[in-house]
Amino acid sequence: MRAVTIGFATGAALLQTQAALPSVSAGLAAGLLIAAWLLSWHACLQRRMCHLGARWGSVLRCVTSLLAGGVIGFFWAAWMAHRVLAPQLAAADEGRDFTVIGTIDNLPYRFDQGVRFNFAVERVLGRPQDVVPPHISLAWYAGFCDQINEIGDVQPGERWQLTVRLQRPHGNANPYGFDYEAWLLEQGLRATGYVRPAPDNRRLDSFVFSVGNVIEHSRALLRARILAALSGKPYAGVIVALVVGNLRGIDQSDWNVSNRTGIGHLISITSL
C-alpha cells in the first residue's frame, strides 16, 4: 500500500511538469494499455514467484505497485485538471454582454469605485446555460464611461439578474509576482468581468437558502456589527479579519506594521 501511495503522489506530481494536458481520449487509451500491461506483468510475476525467491519477488511486487500507483496518479490528476478547466468562456464571447441570473456567492468587497463579488450563475437569458462558466468574479463600478452608475446593495445569498461583460482569466506575467490567474483557478472562478448599466439589473430574491449562503450571510452580519461597533477605530479591519477571515478591509499601513513586527502570517492564516 505504501508503494502504491508513493507512486500515486509521484504520478500526480509528474503531471504538473507537463507543458500541456494529455487529451481525454489519448489518456484513456494509454491508461487502459498500461493497466493491462501491469496486470499481465503481475500475473506473470505470480507464476514465477517460486523461481525468483522471496527477496526478488518482494522487490518486483514493490516496483509493480509503484508503477501502478504512478499511472493511476498521473491520469487521475489529468482527469481532475480537465474537469476543472472544462467550464470556460469561449474566446469569441469575450467582450460580449450577457444577462445572467444567479446568487451572490461570497462576502462582497466594497472599495471607493464600487463593489466586487463572486457570482454563481444559475441561468443565462437567451443563450445556452454552458456558454458562461458557473462561477465568475464581477465588479460593479460606480462610474461607467463618465456616467454615474447606480450600484446595487448586493449581499451574500441574494439572487440577482445582471447584465455583465466577461473575459477569460488573465493575469500579469511578472516574474515572482502574484499569479492572479492561478488564484482564480484555485477559487474556481473561470471568468471575470463587470456589471453593465442596464434597466434589468435587479434583485430577484432577498435570500436563497444553501449551506454556503448561510455561512457567507452570517459572515456579512458579523462584519457589519464589528464595523458599526468600531466605526473610526484603528485596526477595525484587523478585527474583522481575525473574526470572519476577510482580509480586504485591512489598510496597507496596518499590513506594514504587521509585516515589520513579524505577525503578518498570523493574520493571513485566518482567511484559510
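The values are calculated or read from the model by the stated rules, or taken from the named source; none is laboratory data. Worth saying up front: this structure is predicted, and the values here are computed from it rather than measured. Don't worry about glycine lacking a Cβ; one is built from the backbone with ideal geometry, like all the others, and counts go over all protein chains shown.
Checking each residue in segment 128-169 for being in a loop (DSSP other than H, G, I, E, B) and among the small types (Gly, Ala, Ser) picks out Ala142, Gly152, Gly157. Taking segment 152-191 as the range and being surrounded by fewer than 15 Cβ atoms within 10 Å (Cβ to Cβ), among the hydrophobic types (A, V, I, L, M, F, W, C) and more than 18 Å from Gln88 (Cα to Cα) as the test, the residues that pass are Ala173, Phe178. Of the residues making up segment 182-217, those that are within 18 Å of Trp140 (Cβ to Cβ), touching a strand residue (DSSP E or B) at 6+ places or on another chain (Cβ under 7 Å) and part of a loop (DSSP other than H, G, I, E, B) are Leu189, Ala191, Arg196, Pro197, Ala198, Asp200, Asn201. Beta carbons closer than 7 Å, at least 6 apart along the sequence or on distinct chains, pair a first residue in segment 208-220 that is closer than 10 Å to Thr103 by Cβ with a second that is surrounded by 13 or more Cβ atoms within 10 Å (Cβ to Cβ) and among the polar types (S, T, N, Q) for Val208/Thr103; Asn213/Thr103; Glu216/Asn106.
Quick grid of which residues meet (1) of a type outside the set (Phe, Trp, Tyr); (2) out of contact with any helix residue (DSSP H, G or I) (no Cβ under 9 Å at 6 or more places or on another chain); (3) surrounded by fewer than 19 Cβ atoms within 10 Å (Cβ to Cβ):
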position	(1), (2), (3)
Asp112	yes, yes, yes
Asn118	yes, yes, no
Val121	yes, no, no
Val124	yes, no, yes
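Can you tell me which condition Asp130 does not meet? The list is (1) out of contact with any Pro (no Cβ under 8 Å at 6 or more places or on another chain); (2) of a type in the set (D, E, K, R); (3) under 23 Å from Leu85 (Cβ atoms); (4) modelled with pLDDT under 90, and all the others hold. If we test Asp130 against (1) out of contact with any Pro (no Cβ under 8 Å at 6 or more places or on another chain); (2) of a type in the set (D, E, K, R); (3) under 23 Å from Leu85 (Cβ atoms); (4) modelled with pLDDT under 90, just (1) comes out false. Looking across Ser253, Ser231, one residue alone is assigned to a helix (DSSP H, G or I), loosely packed, with under 15 Cβ neighbours inside 10 Å and not assigned by TED's automatic domain parsing to the domain that holds Arg96. It is Ser253.
A residue that is in contact with a helix residue (DSSP H, G or I) (Cβ under 7 Å, 6 or more places away or on another chain) and either under 23 Å from Asn106 (Cα atoms) or exposed (fewer than 11 other Cβ atoms within 10 Å of the Cβ) (or both) can be found somewhere in segment 262-270. Among all positions in segment 71-87, there is no residue which is assigned to a strand (DSSP E or B) and more than 16 Å from the chain's Cα centre (by Cα).
Taking the listed residues Arg219, Arg190, Arg202, the one that is modelled with pLDDT of 90 or more, more than 25 Å from the chain's Cα centre (by Cα) and either of a type in the set (D, E, K, R) or not assigned by TED's automatic domain parsing to the domain that holds Phe117 (or both) is Arg202, with no other qualifying. Here Ala92 clears all of (1) farther than 30 Å from Thr5 by Cβ; (2) touching a residue at least 40 places away in the same chain (Cβ under 8 Å) except the condition numbered (2).
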